[in-house]
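Undergrad: Before I ask anything, here is the structure I am working with.
Values in this text are rule-based calculations from the coordinates and carry no lab data. Quick caveat: nothing in here was measured; it's all calculated off a predicted structure. Cβ atoms come from the backbone with ideal geometry, glycine included; neighbour counts cover every protein chain shown.
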Amino acid sequence: MPLIQLDRISKQYPSAADQPVPQVLDGITLNIEQGEFVAIMGPSGSGKSTLMNLIGCLDTPSGGHYHLDGRDVTTLEPDELALVRNQTIGFVFQGFNLLKRISALDNVGLPLLYSNISKSERRSRAAAMLELTGLGRYVHSLPNRMSGGQQQRVAIARALVNQPRLILADEPTGNLDSHTSREIMDIFAKLNREQGITIVLVTHENDIARYAKRLIRIVDGHVVQDQTQVNTE
Amino acid sequence: MNLLSIIYEAWSAMGQNKLRTGLTMLGMIIGVGAVVVMLGIGQGARTTINESIKSMGSNLFIVLSGASTSGGLRMGSGSAPTLTADDGEALAKLDSVNAASPVLPGTVQLSYGANNWSTLTYAVSPNYLVVRDWAVESGQNFTDTEVRGATRVVVLGKTVAKNLFGEEDPVGKTIRIKGSPYQVIGLLTNRGQSLDGRDQDDSALIPISTGQRKLFGGQFPGTVRYILVQAKSAQVMPEAEQEITQMLRIRHRLSEEQENDFTVRNLAAVAQTAATSAQAMSFMLGAIASISLLVGGIGIMNIMLVSVTERTREIGIRMAVGARRRDILLQFLLEALMICLVGGTIGIGIGVGAAWLTSDMSGMTVEITFGAIGMSFLFSFAVGVFFGYYPARRAASLRPVEALRYE
C-alpha cells in the first residue's frame, strides 16, 4: 500500500464572481511509496507548493481523494488533521519557521508539547535530535542568534522529533548558500537511506533535485514528468 | 497538551512585550482597584447608617399626643396633654408589644461642685433602656420601686458625666438638678450620634414619677410628651400599630366618630429610608467602578487582537506541528486571563491600600469585606474570559496554510 495516494486531486481558490476560477491543481493522481525520496519541480505558479500543502494536510483539496497511510484524510476535521500532522508528518520550510523567542531545544520539542509528552522526556528527546543534526552545542541558543544553516538544522530536528514517517521539505535550501545547501541535503539523504523515512522535496534547483531518487515535474497543475533517477552523488 | 505547559507558554508570551503587558495590566489594576475602593466606601456608609439605626432602637413606634387648639391656633402634634404614664403601662401589656416607656423630656441645669451643665433630661420608666436597646455601663438603672417612690435618682450619659465629673467616677455621688439633690446611680454606655446628628450621650434619665411630680411639674400633671413602644419583632409591626391605636381609643373613651387624639408613628420606616438610600449610593459607586473595569477589559481585548495578528505565523507553525484549535484557544485565553488575574490581584492590593488611606485621611468609614475582595477577583476572572475569548477564538479558527503564509 502506498504511503501517499492522490486520486484526481484538484484545487481551486475562490475568486471574484465574474473572474474565471483558476484551477491550481487539475486532477493530480500520484502514488508515493514508503521510503521514497521524491523531488517535485516546476516553475513558479505551477501548483507545486499547493500540492505540498495538500500532502501535508495543511490545506484541503477542492476535489478528489487523498489517502495517507491508507486513511482518507480528505474527510477529516481540522483537529483530526492536526493529529495526523503531529504524528505522521515532519515539516521543513524555506523560511525555517522557528519560534524566535524560545530556545532551539524548546523549538525542537514543540511537536511533543502537542502530543502530551512530559517536559523531561520532551527535553531529552529534543536534545537527542539536536545532537543528531550536529547542533549539540546550541541547545539553549535562540534561533535569532544562529546562522541560516543552523536554523534549518533546528527545523529538521523539529521535523524528526516525533518520529514521523514522512518529511515534507518546501524549498529547504532556498535561503541557504550552496555549501550549506549540500550539508542540509546530505542530512535528508542520510535520513532516507538509513532510517527509511519518506522524503518529499519541493525545489526549483536541479542540483538539489538530483539528491532525490524520483523526480516529478508539474506545470499548470498537471504532472508532466515522473521519472526515477540515478543518484549522482 | 497539558494545562501546566499552556500556562507556561502563556506566561512566557506575556514576558515578551513587558511594556505592553504592563500597560494593559494597568487598565485592570485601576479597574479592580476602583471596584474595591468603591465597594469599601459603599459598605462603610451602610455600616455607619445601620449603626445609627440600631442605636435608635429597633422596631420602634413613637406615640405622640394629639394637636391642641389654643385661641384658634392649632399647636401641632404633641401639644395636647392626652397621654399619661398609665397609658404607657397599658401599652406595654399588649400582645405584640415587647416594652414601652412614657417619656417626658426637658432641658435642665445639672451641677456638681463647681461644674454645671445643661442637658436634655428624660423622665422615663425603667423599660426605656430596653426600648432604646441601651445599657448601663456601671452602677445600675432605676427600678419600679424608685418610680413608685418618685425618688430623686439619676442615670447619666457619658457626655454629661464627663462635663460634671471629668475623670472622677460619678456613681454614688450626688448632683443638683434645679437646686434639689439627686443621687447618681448609674452611668450609660457610649451611644454616639443619632441619625440627625445629636449627641445621644448628652442626656440624663430620671424616673417618670420624679419628673412629673418634682422636676418638671407643669400645666397638666400626670401627662407625658410621648410614649416609645417597641414591637416584639419587625413582622408584628402592623398588628402592634393596630393594637396600640385600639387600646388608646378605649382608654381615652373616644366614640366612633371622634378622631384619634394621638398619633402613632413608625420609626422603622424612617430607618428603612436611610438604609435604602445608603444601598442606592453603594450600588451607584459600584456601577461607576464597573465602568473603569469594563474599559480595562476592552483594553485587554484590543491588545489580544493585536497580539493574535502579530503572532499569526507563530499560530501557523504551532498548527503545522500538531496544535489543535483547542490548544491555540486555551493559549490565548489563558494569556488574557493571566493579565486579568495578575492585574486583578495587584488592583485588590492597591484598592485595599487606597481604602485605608481614604479612611485615614477623610475619617470616612471604609469597610473592605472578604466578599468584596472575592467579588473583585471573580470580576477580573470574568473580564478575562469575556474579553479574551473573542481574540482567542479568532486565533484558533485560523487555517494553518494561511497562517503560515502570513508575513
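Undergrad: Calculate the all-directions average of the projected area of region B:236-317's alpha-carbon convex hull, and give it in nm².
TA: 10.5
Undergrad: Sticking with this structure for a sec: Just to be sure I understand the model, the point goes 7 Å from the Cα along the line to the Cβ. What's the resulting B:Glu259 to B:Ser194 distance in nm?
TA: About 2.6 nm separates the two model spin labels.
Undergrad: If you stretched the chain out fully between A:Lys100 and A:Leu142, how much longer would it get, using 0.36 nm times the residue separation minus the C-alpha to C-alpha distance?
TA: 14.5 nm
Undergrad: Return B:Tyr406, B:Tyr389 ranked ascending by Cβ neighbour count within 10 Å, so the fewest neighbours appear first.
TA: Details: B:Tyr406 14, B:Tyr389 17.
Lowest count first: B:Tyr406, B:Tyr389.
Undergrad: Which ordering of B:Arg253, B:Arg132, B:Arg176 is given by a fewest-first count of other beta-carbon atoms within 10 Å?
TA: On the way: B:Arg253 7, B:Arg132 24, B:Arg176 14.
Listed from fewest to most nearby Cβ atoms, that is B:Arg253, B:Arg176, B:Arg132.
Undergrad: Rank these for me by crowding, A:Arg125, A:Arg153, going from fewest to most other beta carbons within 10 Å.
TA: A:Arg125, A:Arg153
Undergrad: Still on this structure, I have one more. In the neighborhood of B:Gln193, defined by Cβ-to-Cβ distances under 12 Å, what is the net charge if each Lys or Arg adds +1 and each Asp or Glu adds -1?
TA: Cβ neighbours under 12 Å give a net charge of -3.
Undergrad: So, one more: Beyond 26 Å, what share of the Cα-Cα pairs of region B:81-260 is found? Please give it as a whole percent.
TA: Working: 5335 of 16110 pairs.
Looking at region B:81-260, the distances longer than 26 Å represent 33 percent of pairs.
Undergrad: Moving to a separate point now. To the nearest 0.05, how large is the calculated FRET efficiency for B:Val236 and B:Gln109 if R₀ is 56 Å and r is the Cβ-Cβ distance? The partial results should precede the final answer.
TA: On the way: r = 42 Å, r/R0 = 0.74.
Efficiency, rounded to the nearest 0.05: 0.85.
Undergrad: Efficiency by 1/(1 + (r/R0)^6): what FRET value for A:Asp207 and B:Arg399, r their Cβ-Cβ distance, R0 = 30 Å, to the nearest 0.05?
TA: Rounded to the nearest 0.05, the efficiency is 0.35.
Undergrad: Oh, and also: Rounded to a whole number, what is D in µm²/s for region A:117-172 from Stokes-Einstein with the Kirkwood radius over alpha-carbon pairs (20 °C, 1.002 mPa s)?
TA: It comes out at roughly 181 µm²/s.
Undergrad: Where the Cα atoms of the protein assembly as shown are projected onto their three principal axes, how long is each span, largest first, in whole Å?
TA: 133, 58, 37
Undergrad: Show me the three semi-axes of the equivalent ellipsoid for chain B, from the C-alpha gyration tensor (sqrt of 5 times each eigenvalue), largest first, rounded to whole Å.
TA: Equivalent ellipsoid of chain B: 69, 24, 15 Å, largest first.
Undergrad: Another question about this same structure. Could you order the peptides B:361-367, B:159-165 from most to least packed, using the average number of other C-beta atoms within 10 Å per residue?
TA: B:159-165, B:361-367
Undergrad: Per DSSP helix of 4 or more residues, -39500 (n - 2.57); summed, then divided by the residues of chain B. What does that give at 222 nm, rounded to the nearest 500?
TA: Helix contribution divided over all residues of chain B: -18000 deg cm²/dmol.
Undergrad: Round to the nearest 0.05 the FRET efficiency obtained for B:Ser290 and A:Lys190 when R0 = 51 Å and r is the Cβ-Cβ distance.
TA: Details: r = 63 Å, r/R0 = 1.25.
Step by step, r from the Cβ atoms, then E = 0.20.
Undergrad: Where Lys and Arg each count +1 and Asp and Glu each count -1, what net charge lies around B:Ala99 among other residues with Cβ under 15 Å from its Cβ?
TA: Computed value for this residue: -3.
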